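Below: one structure, written as structure tokens.
The values are calculated or read from the model by the stated rules, or taken from the named source; none is laboratory data. Small disclaimer: the values here were computed from a predicted structure and weren't measured. So basically every Cβ, Gly included, is an ideal-geometry build from the backbone, and we count neighbours across all protein chains shown. Just the protein is used for accessible areas: all its heavy atoms, side chains included, with ligands, DNA and RNA removed. Shrake-Rupley method; radii C 1.70, N 1.55, O 1.52, S 1.80 Å.
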Amino acid sequence: MERLVQILFGHERAVFTNGQFGFGLRPHPAVIVAGALLFCAFIYFVYVRPRARLRGTKLAALISLRVALFALLVFLLLRPVVVVPSVVPRSTSVALVADDSRSMQIADAPGRRTRLEAVRAALFSEESKFLPRLQEKFRTDLYAFSGELGALRGGGEELFGEGASSDLGGAVSEAARRAAGVPLSAVVLVSDGAANVPRDLGAVLRELRAKNLPVYTVGVGSAERPTDAELARVQMPRRVLVGSSVNVEAFVRLSGYGPTKVLIAVSEDGRAVKTEEFSLRGGETEAVRLELTAATAGVHRYTFELADELTLENNRREALVEVIEGPLRVLYVEGEPRWEHGKMRSAVTRNEKNVELVSILRTGENKLYRQGVSGEQELIEGFPKTEEELFAYHGLVLGSVEASFFTVEQLRAVEAFVARRGGGLLALGGRLAFDGGKYAGTPLADLLPLALDGRAPAATDKSEPLFKPALTARGAAHPVTRLNDDRAVSQKIWNDLPPVSVPEALEGLKPGATLLAEARRVSGAGAPLPLLAHQRYGRGHALAFTASDTWRWQLKMDSKSNAHENFWRQMLRYLVSISPAQVEVAAEQDVYGLGDPVRVVADVRDKKFIPAAGAQVTARVVKPSGASVEVPLRFTARDEANVYVGDYKADELGRHRIELSAAGTKIGTMSA
């Protein structure tokens, strides 16, 4: 059929399909009307008026033939034409945009080649005629993209498939923008279609369509979704205390899998530290939890990898963690002499070098006993009277001490200590704690993860340890309850712990709080009570531990057991684990690709931990080569926080260091 059309009409059928039909001669409408009238008169005088009339089908056939002949003559006289758009060679340009992200390294193209190899062969090889033919008709601008668009000057040799992100919409939009002022005929996008940047590609295409700019896509790779396990992201603290247990949450996305097992390998600065297997349901994104120990101080790079996967570029994630040395200071306020105070101090001060416990013990009316103070003047007047004095600590423990021990201003300062300073609060069970200490209605009641109703404490037998501690599902994996590096051994230790006393039966767990451990009656009767609960509050967090005699764990267990010591060390380490410094600076992400924009975020506060809005803040980024760049930071509201931000482009591979200098009337001169 194609050959027949070419023989009869001298052109391929595509010419007529893509062309626009018209006439070379376009007479005035009056001429057309006059011609039609003359033709109608001719028909009348030839076929209608004569007496010898033809009838029936013969008359109709003759009229039809005459009409067809007349129409053909008119059609030919009007000179029919097909208008086909043609391009004046190299008068306009075409933008060819090639994907250079990591997903292009997947080997699912024909011949078991990677997608990137298929692109090089199709576009840039000597055997390929696509690019030369395109360049014959258009000025061709070659680009590569992942997170950003970049010019391709060396052809396919500059495609490496190492970009961490894939912004299809941004690449197409930027290619069109760079052609501003130059006639652009089309954008050709060569990609596997995998995008991981939240940009609306549809909106970009609609905008270009409104400008009459077509976008042609060339798909690369298999159309079938591959079977793949992807390590989507990893969450872990950016800063931890040396020797602390670190909880890591890894999100694994399974595509094309049913129930299966995955193996996650963890390394620290290239040194393998852990490999763990997890059973997953398949077909969805699931979170798995790993536990690590930060053994040495310094900035460490942790690498997490999935083993034996087809898609190599998406099964590896990295995170930078600053492991700091102490001591971080915790203030412990106890309202009456009791064994819990002494045994806790003994457990923490024996071998713990990174947490310093400073305590105030009320021994009588207007009599306070200070321990662990750094000088004669520290806490000389009792509990801190100003926010600046209180905020010098990283954590706060309240024992069996009533609310009236504090002034209203001091209670408000404790609330600000958690919410604004970002400190940790631990409330312990005791005769004068919680509702027994009449904390309902005070600012501290808002902090606690357990609800207070102001009523007299429910009666429990305070003389006998009637409650067995039991971890919840969330508590079993929580760092504060980790008594051994082996999770199974840690659980067995908890199962063997002696019973404890719970002076007050608090039952109301607040929405958003997490119950880590329960107190179950030894007799088995009655519902369990909350033993250990946790919640975030503002920038900090608060824990409530309702038992009053964990010292029994030390006295009643084997002399070789260090469960009591480990519990309190882990508790206080976790208490101060998220306490921020007065000035902090970091990159918004841990890992960036070459050429990616890097956002530097600094949190600068005065001694009351109020954001310092009027400071002059500059970040100095030291590159792996030793060169540095100064990045001025501007004050802005970001994620409901007032911080300083600035941007620069990553132009070296390797670990960078960020130094901060800040100066202002409220903060003086500071650095980080």
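For the charge dipole of the range 388-514, defined by +1 on Lys and Arg C-beta atoms and -1 on Asp and Glu C-beta atoms about the Cα centroid, which residue among Leu428, Ala451, His478 has the Cα displaced farthest towards the positive pole?
After comparing all options, I get His478.
So if each residue of separation counts as 0.36 nm, and I subtract the Cα-Cα distance between Arg199 and Leu37, what length gain in nm does that give?
Length gained between Arg199 and Leu37: 52.0 nm.
If I compute solvent accessible area with a 1.4 Å probe over the protein chains, what percent of it on the chain is carbon and sulfur?
53 percent
Roughly how tilted is helix 339-351, in degrees to the nearest 10 and between 0 and 90, from the longest Cα axis of the chain?
Computed tilt is about 70 degrees.
For Rg and Dmax of the Cα atoms in Å, which listed value, (i) 38.7, 142; (ii) 34.3, 117; (iii) 38.6, 172, comes from the coordinates shown?
Checking each listed value against the structure points to (i).
Hey, got a sec? Which trypsin sites (Lys or Arg not before Pro) in the range 112-185 land in a DSSP loop and have at most 14 other Cβ atoms within 10 Å?
For trypsin sites (Lys or Arg not before Pro) across the range 112-185 that sit outside H, G, I, E and B with at most 14 neighbouring Cβ atoms in 10 Å, the list reads Lys129, Arg153.
In the range 274-404, what % of DSSP beta bridges are antiparallel (nearest 5)?
Antiparallel bridges make up about 55 percent of those DSSP assigns within the range 274-404.
Could you sort Leu320, Leu280 by their accessible area in this structure, using a 1.4 Å probe and putting the largest first?
Descending accessible area places them as Leu320, Leu280.
Heavy atoms of the protein only, probe of 1.4 Å, neighbouring chains included. What is the accessible area of Thr275 in Å², nearest 10?
The accessible area of Thr275 comes to roughly 90 Å².
How much accessible surface does Arg206 have with a 1.4 Å probe, in Å² rounded to 10?
Looks like 130 Å² after rounding.
Normalised by the number of residues in the chain, what is the relative contact order in percent for Cα pairs under 8 Å and 6+ residues apart?
It rounds to 8 percent for the chain.
Let me know the charge dipole size of the range 504-596 about its Cα centre in debye, to the nearest 20, where only the beta-carbon of Lys, Arg (+1) and Asp, Glu (-1) is charged.
Here the range 504-596 has a charge dipole of around 460 debye.
Among the DSSP beta bridges whose two residues both lie in the chain, what percent are antiparallel, rounded to the nearest 5?
70 percent
What is the gain in length, in nm to one decimal, between Lys137 and Glu224 on full extension, counting 0.36 nm per residue of separation less the C-alpha to C-alpha distance?
27.9 nm
Quick one: ranking Arg209, Arg599 by accessible area, 1.4 Å probe, largest first, what do you get?
Arg209, Arg599
I want the local charge near Gly524. Using Cβ-Cβ distances under 15 Å, sum +1 for each Lys or Arg and -1 for each Asp or Glu among the other residues.
Here the charged neighbours net out to +2.
In whole Å, what is the distance between the alpha-carbon centres of the range 510-583 and the range 165-215?
Each part's Cα centre sits 55 Å from the other's.
Using unit Cβ charges (K, R positive; D, E negative) and no other charged atoms, how large, in debye to the nearest 20, is the dipole of the range 385-497 about its Cα centre?
About 240 debye.
I need the peptides 469-476, 433-440 ranked by packing, meaning the mean over residues of other C-beta atoms within 10 angstrom, with the highest value on top.
433-440, 469-476
Taking the Cβ-Cβ separation of Arg233 and Leu653 as r and a Förster radius of 22 Å, what is the calculated FRET efficiency to the nearest 0.05?
For R0 = 22 Å, the calculated efficiency reads 0.55.
Taking +1 at the Cβ of each Lys and Arg and -1 at the Cβ of each Asp and Glu, which of Phe39, Ala527, Val489 sits farthest along the dipole of the chain towards its positive end, judged by Cα position relative to the Cα centre?
The residue sitting most towards the positive pole is Phe39.
Quote to one decimal, in nm, the extra length available between Thr92 and Asp496 on full extension: 0.36 nm per residue of separation minus the C-alpha distance between them.
Contour length minus the Cα-Cα distance gives 137.4 nm.
Please identify the GluC sites (Glu not before Pro) of the range 218-311 that satisfy two criteria: DSSP loop assignment and at most 13 other Cβ atoms within 10 Å. Which are they?
Counting only loop positions with at most 13 other Cβ atoms within 10 Å, the GluC sites (Glu not before Pro) in the range 218-311 are Glu224, Glu284.
Per residue, how large is the accessible surface of the chain? Use a 1.4 angstrom probe and give square angstrom.
Value returned for the chain: 53 Å² of accessible area per residue.
Rounded to the nearest 10 Å², what accessible area does Asp603 show when all protein chains are kept and the probe is 1.4 Å?
Near enough 30 Å² of accessible area.
Relative to the longest principal axis of the chain, what angle (0 to 90°, nearest 10) does the C-alpha long axis of helix 408-419 take?
40 degrees
Dipole size in debye (nearest 20) for the chain around its Cα centre, Lys and Arg Cβ +1, Asp and Glu Cβ -1?
3320 debye
Using alpha carbons only, how many degrees (0 to 90, rounded to 10) separate the axis of helix 563-575 from the longest principal axis of the chain?
Its long axis makes an angle of about 50 degrees.
Can you give the calculated 222 nm mean residue ellipticity of the chain, where each DSSP H run of n ≥ 4 adds -39,500 (n - 2.57) and the sum is split over every residue, rounded to the nearest 500 deg cm²/dmol?
Taking each H run of at least 4 residues, the total per residue is -6500 deg cm²/dmol.
Can you find, among Val373, Leu357, Phe304, the residue sitting farthest towards the positive end of the charge dipole of the range 298-373, where Lys and Arg contribute +1 and Asp and Glu -1 at Cβ?
Val373
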